[in-house]
């Protein structure tokens, strides 16, 4: 078989005179839309009929049918389909990866935790850092700062901090560190809330009947917005109410008035003094709170209304309820 370039620069196959067999048409499919057309049967002897154009047959397929009928013999024809240019897709660039902060350290005190870290040099410039505590977002630190101070920490608490670098929408992996704050002095515990009070009589005189065990409900109202300060002391379910002054971890106050003491059926006035100190504190209810108070309560009554003078001293323990 002789081959030479065709008019379109493609190789064109021509029948050789010595070829005695009929080869199947060769179809080069380089497009998903190319359709292979079955070969026409050999034309009968006699005048060559005019080729009949099929409706709906692609132009290239019709041209191939006309070539098959030239010379009245079936020949091998290559149906050439122009290859569509491939769509060049630019490779997708992977998003920039920020280097994780390193050397995350803490300096934990009772009411403050200072975080420090290092951002490795090179790579995508860091815009800032997001700081989390126990999984909750705290604050955003703008670069180039690499420190953060948590002033809302509470004493004797375990905290887990996370620092995550960001640059636009790109985030680094979070870096974590766990720390525990130190205990704070009892003197800085806030006395606030309702306390269940258990008291026992240490001494008494002048009373016909006086119980050895007592149970009270007290409530303390701080006279400041936060931290330790003077308080107002109130007996629940009674009119007893008095100011109590703070002296470090100790508190003292006094009250004059009715204190559940009677002379016969008449109420008598009592002079009451309260001495207490904070025996235990914990980080509860969002602050460093006194949870246990101990002290003494003394009340005395002068001789009045035909009754002799009286006095009693009680030792008590008060525990925070809420």
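Mind listing whichever residues of the stretch 214-239 are surrounded by 14 or more Cβ atoms within 10 Å (Cβ to Cβ) and over 42 Å from the mean Cα position of the chain (by Cα)? Within the stretch 214-239, 214, 216, 235 meet the criteria.
Residue 166 - would you say it is within 17 Å of the chain's Cα centre (by Cα) and surrounded by 14 or more Cβ atoms within 10 Å (Cβ to Cβ)? Yes: the conditions hold for residue 166.
Return the residues of the stretch 140-160 that are touching a residue at least 40 places away in the same chain (Cβ under 8 Å) and assigned to a strand (DSSP E or B); say none if nothing qualifies. Steps first, answer last, please.
So the first thing to find is which residues in the stretch 140-160 are touching a residue at least 40 places away in the same chain (Cβ under 8 Å), and the list is 146, 151, 153-157, 159.
Scanning the stretch 140-160 gives a single hit, 159.
Taking (1) at pLDDT below 95; (2) surrounded by fewer than 18 Cβ atoms within 10 Å (Cβ to Cβ); (3) more than 21 Å from residue 187 (Cα to Cα) in turn, residue 285 satisfies each apart from (3). Is it true that some residue in the stretch 93-110 is out of contact with any strand residue (DSSP E or B) (no Cβ under 7 Å at 6 or more places or on another chain), touching a residue at least 40 places away in the same chain (Cβ under 8 Å) and over 30 Å from residue 228 (Cβ atoms)? So far as the stretch 93-110 goes, yes, one or more of its residues are out of contact with any strand residue (DSSP E or B) (no Cβ under 7 Å at 6 or more places or on another chain), touching a residue at least 40 places away in the same chain (Cβ under 8 Å) and over 30 Å from residue 228 (Cβ atoms). Report yes if residue 272 is in contact with a strand residue (DSSP E or B) (Cβ under 7 Å, 6 or more places away or on another chain) and either over 29 Å from residue 112 (Cα atoms) or modelled with pLDDT of 95 or more (or both), otherwise no. Criteria met by residue 272. Scan the stretch 218-234 for residues that are without any contact (Cβ under 8 Å) to a residue 40 or more places away in the chain and either within 26 Å of residue 308 (Cα to Cα) or not in a strand (DSSP E or B) (or both) and jot them down. Residues satisfying the conditions are 223, 224, 225, 227, 229, 230. Quick check on my filter: what residues within the stretch 241-268 are free of Cβ contacts under 8 Å to residues at least 40 places away in the same chain and within 50 Å of the chain's Cα centre (by Cα)? 241, 242, 243, 244, 245, 247, 250, 252, 253, 254 - these are the residues of the stretch 241-268 that are free of Cβ contacts under 8 Å to residues at least 40 places away in the same chain and within 50 Å of the chain's Cα centre (by Cα).
Do the conditions hold for residue 292, that is, is it outside any loop (DSSP other than H, G, I, E, B), more than 51 Å from the chain's Cα centre (by Cα) and at pLDDT 95 or above?
Numbers: outside any loop (DSSP other than H, G, I, E, B): yes; more than 51 Å from the chain's Cα centre (by Cα): no; at pLDDT 95 or above: yes.
Taking the combined requirement at face value, the residue does not satisfy it.
Considering only residues that are assigned to a strand (DSSP E or B) and on the phi < 0 side of the Ramachandran plot, which ones fall in the stretch 257-272?
Taking the stretch 257-272 and keeping what is assigned to a strand (DSSP E or B), we get 257-263, 266-272.
Answer for the stretch 257-272, where residues must be assigned to a strand (DSSP E or B) and on the phi < 0 side of the Ramachandran plot: 258, 259, 261, 262, 263, 266, 267, 268, 269, 270, 271, 272.
Among the residues of the stretch 278-288, those that are in a strand (DSSP E or B), touching a residue at least 60 places away in the same chain (Cβ under 8 Å) and out of contact with any helix residue (DSSP H, G or I) (no Cβ under 7 Å at 6 or more places or on another chain) comprise 279, 280, 282, 283, 287. Of all the numbered requirements in (1) closer than 26 Å to residue 322 by Cβ; (2) touching a strand residue (DSSP E or B) at 6+ places or on another chain (Cβ under 9 Å); (3) loosely packed, with under 13 Cβ neighbours inside 10 Å, residue 264 misses one, and that requirement is (1). For residue 181, the conditions (1) touching a strand residue (DSSP E or B) at 6+ places or on another chain (Cβ under 7 Å); (2) modelled with pLDDT of 95 or more; (3) over 18 Å from residue 285 (Cα atoms) are fulfilled apart from (3).
The values are calculated or read from the model by the stated rules, or taken from the named source; none is laboratory data. Because the structure is a prediction, the values reported are computed rather than measured. Note: ideal-geometry Cβ built from the backbone for every residue, glycine included; neighbour counts use all protein chains shown.
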